[in-house]
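Beneath this line is the structure, given in structure tokens, with notes to follow.
Where a number appears in this text, it was derived from the coordinates with a stated rule and is not lab data. The shown structure was predicted, so the numbers you read here are calculated from the model rather than taken from an experiment. Ideal geometry is used to build each Cβ from the backbone, glycine not excepted, and the neighbour counts take in all protein chains shown.
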């Protein structure tokens, strides 16, 4: 029984670390694309929305996605899906794509906004740090609730 109180928070911490790793990786990709100074003309191939939430008392969150295609300087064509883009870009529009020549698959069509990127990443980092801290505090509290034999202490 006591092991359950350690296993579940540990799995939650592992999930939080995974999502944090993915978010920080994407932040590095976008920053590298902006810092490279290399751009290409791209085309919006598709536009769609994804929704999440909406169960019970929670609100629905809708994210706008765009699928872009561009040709790098070396002649290779790349296609990528990016969420959170502007609602003014529709299918067929020409956009500026920022990419790093050594990693064109990490391209972005977002306009450079280093402050906004840093603020968003900082908020994610703070959220996941708080979440992991709460999981650890829960496990420490559970440890104090049980004695060496695994019985609940009064």
In degrees rounded to 10, the 0-90 angle between helix 4-36 Cα long axis and the longest Cα principal axis of the chain is 20
Expressed in angstrom and ordered largest first, the alpha-carbon extents of region 14-61 along the principal axes are 46, 32, 13
Cα gyration tensor of the chain diagonalised, 5x eigenvalues square-rooted, in angstrom largest first, produces semi-axes 43, 18, 13
The simple spin-label model distance between residue 142 and residue 114, using points 7 Å out along Cα→Cβ, in nm, is 4.4
Note on region 1-133: contact order normalised by length, alpha-carbon pairs under 8 Å, 6 or more apart, percent, works out to 28
Residue separation between residue 46 and residue 58 times 0.36 nm, minus their alpha-carbon distance, gives in nm 1.4 nm
So, with points 7 Å from each Cα along the Cβ direction, the residue 21-residue 77 label distance in nm works out to 3.4
Of every Cα-Cα pair in region 37-111, the percentage lying beyond 17 Å is 45
Each label sits 7 Å from Cα toward the beta-carbon; between residue 130 and residue 5 the label points are separated, in nm, by 2.5
The chain, Gaussian network, Cα under 10 Å: of 31, 116, 43, the residue fluctuating most is 116
Summing -39500 (n - 2.57) over every DSSP H run of at least 4 residues in the chain and dividing by its residue count gives a helix-only mean residue ellipticity at 222 nm, to the nearest 500 deg cm²/dmol, of -15500 deg cm²/dmol
Mean-square fluctuation maximum in Gaussian network of the chain, Cα pairs under 10 Å, restricted to 37, 84, 56, hits 56
